[in-house]
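S.K.: Let me begin by handing over the structure; questions about it come next.
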Number of protein chains: 2
Amino acid sequence: MEVNSQMKDGKYAADISSIREAQVRISSLIHRTPVFSSETLDSMAGRKLLFKCECFQKGGAFKFRGACNAIFSLDDDQAAKGVVTHSSGNHAAALALAAKLRGIPAYIVIPKNAPKCKVENVLRYGGQVIWSEPTIRSREDMATKVLQETGSVLVHPYNDGRILSGQGTISLEFLEQAPEIDTLIVPISGGGLISGVALAAKSINPAIRVFAAEPEGANDAAQSKAAGRIITLPETNTVADGLRASLGDLTWPIVRDLVDDIIIVEDKEILEAMRLCYEILKVAVEPSGAIGLAAVLSDGFRKHPSWKDCSNIGIILSGGNVDLDVLWDSFKK
Amino acid sequence: MEVNSQMKDGKYAADISSIREAQVRISSLIHRTPVFSSETLDSMAGRKLLFKCECFQKGGAFKFRGACNAIFSLDDDQAAKGVVTHSSGNHAAALALAAKLRGIPAYIVIPKNAPKCKVENVLRYGGQVIWSEPTIRSREDMATKVLQETGSVLVHPYNDGRILSGQGTISLEFLEQAPEIDTLIVPISGGGLISGVALAAKSINPAIRVFAAEPEGANDAAQSKAAGRIITLPETNTVADGLRASLGDLTWPIVRDLVDDIIIVEDKEILEAMRLCYEILKVAVEPSGAIGLAAVLSDGFRKHPSWKDCSNIGIILSGGNVDLDVLWDSFKK
C-alpha cells in the first residue's frame, strides 16, 4: 500500500488527520451540501451518478471550505492583521466571507477580467477589492505589495495545506452520504480541490478511483502527468473560467500519485453538461462546476479501460457562480 | 375558529385527514425536497425567507405529489384502463411519471404552444401525447374523446380532491422542516397548490398567513376574490406559463375562505426573481416557480398591512421546467 505509507510519512501538505481536523473546525460554519441524483442522467450515462452540490455551499462554491479552515487556523495575532489573496473569483469570495465571519479584514486582488458576479460576491461579503492586470505576474506583485503594507497573511487559492485540508472535507461528507461510490470525478485547475478530495477518499477507501476532469484548452495537468513534472501553459482558452490555473508544488505530488487519470473535455461538452444541470437537475452550475458531468458523458471516458468498472460515480458540482449574460453568450456561440 | 369547523364539516374537497392519508400513500414515491435559505436574500427582504425547493421534486415540479396521490388512489380495475389529462405541462409530466410507476397508460392532451421541455418530460416518462389547439375548449374536447375511446379516468390538473390532498403534503413537510414559518407565499393559477397548502397549513397552525402570488396579466384569482365569485379571463398575458389557468369549483371555496390575500406582481418582477434564484440560490426555477420571491420583494407587499408581522416567510419554489432558450428571450425583452 504505497499510498498509505506516503500519507503516513507526511509526504504531502495534508493528510487524513488534517482533513478530519478541518472538518471539526469548520463543520458549524459550512453547509453540509446535499447529494442529488437523476434517473434521466443515470440512463444517459448507463450507470448511477451521484452529484455533490457544492454550488449550494456558502459563497456558491466549495472554496468556502478551504478558506474557512485557513482563516480559523490562524492565531489571534496573525488573524487581526487580515488575509490577502489573488484569485479569479470563487476563492476570493470565500475568503472574504470567512474573514467576515471571523471579523478580520480580507484584501482581495482580482484581475480586471473576472466575471462580474464573482466580484459582486467579494464586495457583498465585505472584501476589499484591489484590481490587477489579468496576468499571474501582476496578481502576485499586487498581493506582495498588500502583504508588505498591511502585515496580513497570504492565503493562496490552492497551494496551501490548510486549503487542501478544507477541500478534503467534501470526501468525508460525500462518502458518508453515498458510500457506494467507486469512482470520483473532480474538476482540476490548481489542484487544491482534487488533492484534498483524493487524499481523504483514498484514505477511507483505497480502492476508489479518482479521475480529474480538465478542459482541452487548459490541459496543463494532463500534460504534467504525461511529462512527470509541472507543465505551465503560456495561455489558456476555455469557457471554464475557474479552471485556468496551473498546479502548485504542494498539489502536484498528490495529483501525480493519487489521481488515476485525467479526462479531457471540450468546451462544447462543458456547456452541454451545464445545460443538463439546469434542465434536468435544476441546479445552476458554472462551467467549471459542470465539467465532471461533461467528463462522464464524454466519448473519451466511455473508451477508458476503467469505464466498465465504474458503477457508482460521484461527481462534484464544484460551484455555481455564473453571470447569466455571459452564460448565454457562451451557449449562442 | 370558523376555519376548523368548516374543514370538519367536509365543506371542501380535501381536509387535513385526506392530506395526511396522501402523505402516507406517496411518501416512498416522492422526494422530500430540501428547504434553502440565503442571508443575501434575507437582507434584501429584511426578514427570514425559507424556500421549499419543489423544483427538485420528481418531474421537476410539485405536481408529482398530486398526480401520485390520484393514481395510487385508483382501484386496480380503474387503474388498468389508464388516466387522461389536459395540461400546460408540469401536471402532464407528473401524471405520466406516476402512471409509469404504477405501470398504467397515461394519455396526455397538450396544447401545441406548450414549452418544448415540458413536452419532452411527458415523452421521457412514457406518456402518450395527444395534441390540441391552445384553447381550453379544444383541450377539454380532446380529453373527452380519449376518455370515451379508452375508458380511462380523467385526472384534472387541479379541480380534484385527490390532487389537492397530494399538493397539501408540501405543508406537512415544510412546517416540520421550518416550524418558525408565520407566512406562506404560494403561486396561484387553478388553485390546486394553494388550496392543499392552505388547508394543511391552517389546520396545523390556524394563525399562519397564506398569501397567493399572481401575475398581473392573469389576475383572475384576485378579481374573483374581489367579486366574491369565480371570474375567468378571456385571455391571459404573462411570462409565467404555469399560471394561466382559472379557479375551479373545488378550489374556489378554499381560495375564497383560506387565502388571506393575493399579491399581484409584474412579469419583470417575476423575471428578476428568477434571476435571483439562479444567481443567489443556484436553483433553476421556471417563471411560475419564482413568483413567490417576486411577491416578497414587491412594493405591493411592502405596503401590505401584514408586512411588518411577517418575520419568517415560507416560499414555495414550485417548479423548474424551463427552456433555457425561452428563458433567455424573456430576459432580453
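S.K.: Of the numbered conditions (1) surrounded by fewer than 24 Cβ atoms within 10 Å (Cβ to Cβ); (2) out of contact with any helix residue (DSSP H, G or I) (no Cβ under 6 Å at 6 or more places or on another chain); (3) away from every other protein chain (no Cβ under 14 Å), B:GLY292 fails exactly one; give the number of that condition.
M.R.: That leaves (1) as the condition not met.
S.K.: Restricting to region B:277-333, give me the number of residues that are part of a loop (DSSP other than H, G, I, E, B) and within 18 Å of the chain's Cα centre (by Cα).
M.R.: 7
S.K.: Being in a helix (DSSP H, G or I), out of contact with any Gly (no Cβ under 7 Å at 6 or more places or on another chain) and without any contact (Cβ under 8 Å) to a residue 24 or more places away in the chain, is that true of even one residue in region B:146-156?
M.R.: yes
S.K.: With B:ARG32, B:ARG47 as the choices, which residue is exposed (fewer than 13 other Cβ atoms within 10 Å of the Cβ), at pLDDT 95 or above and charged (D, E, K, R)?
M.R.: Among B:ARG32, B:ARG47, only B:ARG32 is exposed (fewer than 13 other Cβ atoms within 10 Å of the Cβ), at pLDDT 95 or above and charged (D, E, K, R).
S.K.: Right, next: Going by what's in this entry, would B:LEU41 be described as over 30 Å from B:GLY314 (Cβ atoms), over 20 Å from the mean Cα position of the chain (by Cα) and touching a residue at least 12 places away in the same chain (Cβ under 8 Å)?
M.R.: Criteria not met by B:LEU41.
S.K.: Please find, within region A:93-116, the residue that is nearest to A:THR144 (Cα to Cα) out of those that are free of Cβ contacts under 8 Å to residues at least 40 places away in the same chain and either in a helix (DSSP H, G or I) or touching a Lys or Arg at 6+ places or on another chain (Cβ under 7 Å) (or both).
M.R.: A:VAL109
S.K.: Return the residue satisfying two criteria in turn: it lies in region A:72-100 and is in contact with a Gly (Cβ under 6 Å, 6 or more places away or on another chain) and surrounded by 24 or more Cβ atoms within 10 Å (Cβ to Cβ), and of such residues it is farthest from B:THR40 (Cα to Cα).
M.R.: Filtering region A:72-100 for residues that are in contact with a Gly (Cβ under 6 Å, 6 or more places away or on another chain) and surrounded by 24 or more Cβ atoms within 10 Å (Cβ to Cβ), the one farthest from B:THR40 (Cα to Cα) comes out as A:ASN90.
S.K.: Something else about it: What's the total number of residues in region B:184-199 that are within 12 Å of B:VAL259 (Cα to Cα) and either touching a Gly at 6+ places or on another chain (Cβ under 7 Å) or surrounded by fewer than 21 Cβ atoms within 10 Å (Cβ to Cβ) (or both)?
M.R.: 8
S.K.: Next up: Output the qualifying pairs, or none if there are none: Cβ atoms under 6 angstrom, residues six or more apart or on different chains, first residue in region B:215-238 and surrounded by 15 or more Cβ atoms within 10 Å (Cβ to Cβ), second residue among the aromatic types (Phe, Trp, Tyr) and part of a helix (DSSP H, G or I).
M.R.: Cβ pairs passing all conditions: B:ILE230/B:TRP252.
S.K.: Follow-up question, since we're still on this one. Residues of region B:280-320 being among the aliphatic types (A, V, I, L, M) and without any contact (Cβ under 8 Å) to a residue 60 or more places away in the chain, which ones?
M.R.: Passing the criteria: only B:ALA290.
S.K.: For A:ARG137, indicate whether it is in contact with a Ser or Thr (Cβ under 6 Å, 6 or more places away or on another chain) and either at pLDDT 95 or above or surrounded by fewer than 24 Cβ atoms within 10 Å (Cβ to Cβ) (or both).
M.R.: No; evaluated as a whole, the condition is false for this residue.
S.K.: Filter region A:57-92 down to residues that are of a type in the set (D, E, K, R) and part of a helix (DSSP H, G or I) and give me whichever is nearest to A:ALA245 (Cα to Cα).
M.R.: A:LYS63
S.K.: Working carefully through the options B:ILE263, B:ILE280, find the one that is away from chain A (no Cβ under 14 Å), in contact with a helix residue (DSSP H, G or I) (Cβ under 8 Å, 6 or more places away or on another chain), more than 16 Å from B:PHE56 (Cβ to Cβ) and not acidic (Asp, Glu).
M.R.: B:ILE263
The values are calculated or read from the model by the stated rules, or taken from the named source; none is laboratory data. Since the model is a prediction, treat every value here as computed from it, not as a measurement. Every residue, glycine as well, gets a Cβ built from its backbone with ideal geometry; the counts of neighbours run over all protein chains shown.
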